[in-house]
Amino acid sequence: MKYTSQMVAKPYFIFALILLAGEILFGLLMAVQYLYGDFLFPLIPFNVLRMVHTNLLIVLLLFGFMGATYYLIPEETETELWSPKLAIITFWVFLVAGVATILGYLFVPYAELTELTFNNLLPTMGREFLEQPLPTKVGIVLVVLSYLLNVIMTIVKGRKTVITTVLITGLLGLAVFFLFAFYVPDNLIMDKFFWWFTVHLWVEATWELILGAILAFVLIKVTGVDREHIDKWLYLIIAMTMVSGILGTGHHFFYMGAPEYWLWVGSIASAVEPLPFFLMILFAYTMTRERKIQHDNKIALTWAKGTAVMGFLGAGVWGFFHTLAPVNMFTHGTQLTAAHGHLSFYGAYIMIVFTMVSYAMPILRGRPHGNSQKAQKVELTSFWMMNIGMIGLTLALSIAGIVQILDQRVGTELIGFMESQESLAGIFMVRAGFGVLVLAGLLTYFYSFFVKEEAK
Amino acid sequence: MTERITKSMAKNIYYGGGTFALLIFLALTFDTVHQIPKRSNQQNMTENVVAGKKLWEDNNCVGCHTIVGEGAYYAPELMNVFQRRGGADEGTFKAYMQSWMAAQPLDTPNRRKMPQFNLSKEEVDSLSDFLIWTSKVNANEWPPTIEG
Ligand code: HEM
Ligand code: HEM
Ligand SMILES: [Fe+2]
């Protein structure tokens with residue numbers, strides 16, 4: 001560790017991983033309720049489990065991004081963080097707000113929660129992914145502002161690199177597009193239209209910049225390739241992101257009440273969206289081939305390459321499956337959407353957090369050359385368990401989606417939603433099985449932290 | 001292939017292409033915002049419809065259902081439940097909604113459950129009006145069939 005203030009990243013990483021365990025646990029509970037409707041009902045209805053699951057995901061990624069930023073910013077700018085104290089205060093504020101929100105979901109009926117948290121003053125709740133009570137949403141804004149302030153002040157006083165520029169652009173975008181969460185028009189269609197400004201322009205525009213910056217940072221560190229070369233790749237990736245991702249928002253405007261021209265604009269622009277993800281694969285593998293050093297932390301590079309490949313599969317390939325308007329007519333809002341949602345979020349964003357943790361955590365724990373070979377071997381096992389688990393889960397959901405479409409939407413012999421879902425019990429069982437594998441993989445990953453160092 | 005591209009070229013595509021895409025996006029957004037009221041029949045958006053939307057959100061119906069194809073995949077799509085369960089007749093649908101909402105949760109063992117929300121008659125009426133309004137939005141012929 002070159003700068004002592006990088007140490008603030010550690011609690012962020014640890015808490016992000018704990019939240020991930022919670023997320024997966026709630027995913028499994030949902031997978032059981034999918035099959036046995038009386039499981040946990042009426043104690044925790046499905047919508048509550050789902051809120052906890054997806055909100056944990058969002059919050060854990062924010063923690064992960066913050067940890068990653070606090071680790072890489074001092075090294076990139078070659079100066080200590082502007083205020084490590086602020087970063088720690090922010091951490092605790094966010095932690096308390098996050099935990100309180102989850103407890104609120106679990107112990108207060110949602111309708112009551114809306115009343116208790118001033119939702120009648122400014123209604124923002126009850127929309128997918130943005131279910132948070134008003135105080136939590138305001139809290140997120142404050143946390144993000146304090147985080148941005150810290151990062152910007154550090155960049156201002158230090159060295160400016162392409163990585164820091166791209167990262168801060170992504171973070172500013174994250175902050176700006178979150179503001180649409182506060183805009184809830186009475187017209188459902190208008191509401192949905194702007195809802196995507198937060199959701200799509202996060203994952204398919206601004207977050208991709210953050211992803212690219214973190215990936216570039218780790219690749220510089222573990223391959224020793226010179227910066228000029230890395231910078232060019234980074235620019236190329238984010239250029240393709242911007243060109244395709246912004247207008248690609250149109251792939252959500254096909255069948256929700258927006259005008260017809262989105263059928264064309266959305267299909268064409270989003271058909272290009274897999275490209276930046278494909279470039280990430282080329283990037284990771286080319287840098288590996290041209291590497292100047294053999295870093296002892298081999299597993300960090302494995303995660304980096306894994307992120308590129310799995311991100312491409314989840315976002316690029318599974319995204320492309322349903323992104324053309326004539327196809328989306330049939331796939332819109334089915335299990336196929338859920339299949340894509342899982343592999344893309346995991347492959348791109350959960351894995352980039354793993355990549356950063358895998359690279360930075362050993363250093364923060366006083367092991368500049370990475371963990372012991374034995375620990376790395378355990379970590380590699382967990383890498384495969386989680387990846388295979390997520391791919392299996394995604395394939396199961398994809399099959400479920402195709403059957404669902406054939407049952408409900410194609411031909412004349414149609415059957416209803418509930419009947420179709422009941423016929424899918426077997427495949428939902430398989431999904432749950434792969435979910436257990438993912439959880440086992442995560443626990444194995446946790447175990448790798450506790451593998452004893454060999455005496456040298 | 002990437003050898004021929006220099007860092008400054010890539011940088012220019014990023015700034016140029018990004019700005020260009022953003023400008024088109026803003027223009028289309030502007031146009032869409034002007035078209036949505038017509039496509040969604042905003043003139044029929046009564047107080048009841050607005051109240052229904054608020055109830056939809058306050059009870060997090062979207063945590064189990066999709067509406068216009070967005071939401072959760074645990075329970076049926078509700079954009080066209082007006083046609084599916086009400087035969088596109090307002091009286092029939094409203095009566096159906098009253099009895100459906102009152103009957104929850106059904107006691108079929110291990111069938112997926114919908115909670116009891118303890119809503120008043122007027123509230124269920126608002127929700128019905130909201131669903132009826134939604135069913136008439138011009139969503140380019142979606143959903144493809146009555147089963148959602
Ligand atoms: C890492 C990047 C990405 C993430 C995290 C992501 C995540 C998601 C999620 C969670 C949804 C479901 C939203 C909902 O609940 O309604 C979704 C929908 C969708 N995504 Fe992505 N996505 C990514 C990239 C892509 C890409 C690159 C494409 C196209 C090539 C794509 C195409 C789509 C389409 C067409 C839908 C709408 C599905 C429907 O109509 O139901 N996504 N995405
Ligand atoms: C490993 C076990 C997991 C299981 C069993 C599981 C299960 C589920 C279930 C049942 C849903 C609700 C689908 C519905 O609305 O009907 C869901 C939604 C979701 N989960 Fe998971 N999940 C798991 C892990 C994950 C992970 C690791 C991530 C993130 C990388 C994730 C991200 C999501 C997202 C984004 C949604 C919303 C999907 C959408 O709206 O399209 N899940 N999950
Ligand atoms: Fe999207």
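Annotations for the structure displayed:
- Distance cut-off 14 Å, percentage of C-alpha pairs in the stretch A:288-368 lying past it: 67
- Short to long, the 10 Å bins of the Cα pair-distance histogram for chain B hold 10, 30, 26, 12, 11, 7, 3 percent of all pairs.
- Sites excluded, GluC sites (Glu not before Pro) in DSSP loops with at most 16 other C-beta within 10 Å, longest stretch of chain A: A:79-259
- In straight-distance terms, cross-link reach from A:Lys292 covers every one of the lysines whose alpha-carbon lies under 19 Å from its own, apart from those fewer than eight places away in the same chain; here that gives A:Lys221, A:Lys232, A:Lys305.
- Note on the stretch A:22-104: with charges restricted to the Cβ of Lys and Arg (+1) and Asp and Glu (-1), its dipole about the Cα centre is near 360 debye.
- Summing Cβ point charges (Lys, Arg +1; Asp, Glu -1) relative to the Cα centre of the stretch A:316-456 gives a dipole of roughly 760 debye.
- Farthest towards the positive end of the charge dipole of chain B, among the residues B:Asn118, B:Gly148, B:Pro105, is the Cα of B:Gly148, using unit charges on the Cβ of Lys, Arg, Asp and Glu.
- Cβ-based charge dipole, the protein assembly as shown, positive-most Cα from A:Gln335, A:Asn47, A:Ile281: A:Ile281
- Considering only alpha-carbon pairs that sit under 8 angstrom and 6 or more positions apart, the relative contact order computed for the stretch A:221-356 is 27 percent.
- Chain A, relative contact order [Cα under 8 Å, separation at least 6], %: 14
- Considering only alpha-carbon pairs that sit under 8 angstrom and 6 or more positions apart, the relative contact order computed for the stretch B:44-148 is 36 percent.
- Nearest-20 debye value, the stretch B:44-148 charge dipole, Cβ charges on Lys, Arg, Asp, Glu: 300
- From largest to smallest, the equivalent ellipsoid semi-axes obtained for the protein assembly as shown from the alpha-carbon gyration tensor read 41, 26, 23 Å.
- Under the span-like rule (Cα at least 27 Å along the axis, Kyte-Doolittle mean at least 0.5), DSSP H helices of chain A: A:9-35, A:46-77, A:84-107, A:134-157, A:227-248, A:373-409, A:425-448
- In loop segments of the stretch A:141-198 as defined by DSSP, the trypsin sites (Lys or Arg not before Pro) with at most 14 further C-beta atoms inside 10 Å of their C-beta are A:Arg159, A:Lys160.
Every number in this text was worked out from the coordinates using simple rules, so none of it is lab data. Everything quoted here is computed from the prediction, not taken from an experiment. In this analysis, Cβ positions are derived from the backbone assuming ideal geometry, glycine residues included, and neighbour counts consider all displayed protein chains.
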